[in-house]
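Written out below as structure tokens is the structure these notes cover.
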Amino acid sequence: MGGEDAEQMTRLYTFASNIEYIKSKRGEMGVKLVLDDLHKKGYNLDIKNIKSSEWVPISLRKEFLYSVRDALGWNEENIYDMGRNAPRFSYALKIYIGLFITVEKALEAPNLWRKHYSSGTLELSKDTDLKKGIAKYILRDFDVDPLFCKYLEGYLQGFGDLTKSKNVVVKETKCTFKGDPYHEYTITWDVKR
Ligand SMILES: [Zn+2]
């Protein structure tokens with residue numbers, strides 16, 4: 001387990017929108033509380049280079065979520081909101097989605113998972129039926145923490161919020177931490193008939 005764990009990495013820039021979000025809710029002091037808590041556990045989040053694409057261990061993502069929870073007293077729903085707001089903090093992503101319009105088009109876009117994470121695969125399930133307004137993403141080989149599952153649920157919802165489709169709802173419907181073989185995120189939206 002240890003060896004494989006050490007190789008799982010994520011990009012430093014995936015934290016940038018989270019730092020902005022914390023700043024917007026709790027100011028610079030809130031950010032400091034989180035960074036200090038991380039530091040106590042022996043982790044360093046280099047916010048001076050937060051836009052950098054350098055790889056950092058995935059354990060930093062997990063510990064970061066724990067520090068947000070413990071140092072700020074945020075619950076699962078607050079962390080979900082932090083994930084949900086992340087896509088709208090990303091200028092590049094906004095432009096990118098702006099080129100599309102609907103959920104259907106966004107789902108046809110290239111899979112960006114491996115740009116942000118060194119492991120795991122995100123794929124559309126065969127149960128996806130764009131005409132019926134239902135899509136299922138399957139996330140395999142990526143078991144960070146239930147708190148990350150919640151964060152990702154928020155993130156995908158935030159992605160859906162940026163599209164022009166109506167009533168986009170994203171829910172994690174399967175989870176390895178609940179005994180399923182993989183994580184599954186079900187996305188539903190209104191389709192024009
Ligand atoms: Zn999960």
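Of the helices (runs of 4 or more DSSP H) lying entirely inside region 76-152, those containing at least 2 residues that are of a type outside the set (S, T, N, Q), closer than 20 Å to K174 by Cα and at pLDDT 90 or above span 76-89. The lone criterion from (1) among the aliphatic types (A, V, I, L, M); (2) out of contact with any Phe, Trp or Tyr (no Cβ under 6 Å at 6 or more places or on another chain); (3) closer than 23 Å to I58 by Cα left unmet by L122 is number (2). Of the residues making up region 153-187, just one is in contact with a Cys (Cβ under 8 Å, 6 or more places away or on another chain) and part of a helix (DSSP H, G or I), namely F177. Filtering region 28-75 down to residues that are part of a helix (DSSP H, G or I) and of a type in the set (G, A, S), which residue is nearest to T10 (Cα to Cα)? Only one residue tops the list, namely S59.
May I ask you to list the residues in region 10-26 that are part of a helix (DSSP H, G or I), under 13 Å from the mean Cα position of the chain (by Cα) and of a type in the set (V, I, T)? Within region 10-26, just T14 meets the criteria.
Filtering region 108-118 to residues that are under 16 Å from the mean Cα position of the chain (by Cα) and either crowded, with 17+ Cβ neighbours inside 10 Å or not polar (S, T, N, Q) (or both) leaves L112, W113, R114, K115, H116, Y117. For region 133-159, a residue qualifies if it is within 23 Å of V68 (Cβ to Cβ) and either of a type in the set (D, E, K, R) or more than 16 Å from the ligand (Cβ to nearest atom) (or both), and the qualifying residues are D143, D145, K150, E153, G158, F159.
Look through region 165-179, keep the residues that are within 16 Å of the ligand (Cβ to nearest atom) and more than 18 Å from E77 (Cβ to Cβ), and return whichever of them is surrounded by the fewest Cβ atoms within 10 Å (Cβ to Cβ). Among them, the one singled out is G179. Taken over region 180-193, the residue count meeting the criterion of being closer than 21 Å to R88 by Cα and more than 10 Å from the ligand (Cβ to nearest atom) is 4.
The values are calculated or read from the model by the stated rules, or taken from the named source; none is laboratory data. Keep in mind that this is a model prediction, so the values were computed, not measured. FYI the Cβ positions are ideal-geometry reconstructions off the backbone, even for glycines, and counts take in every protein chain you see.
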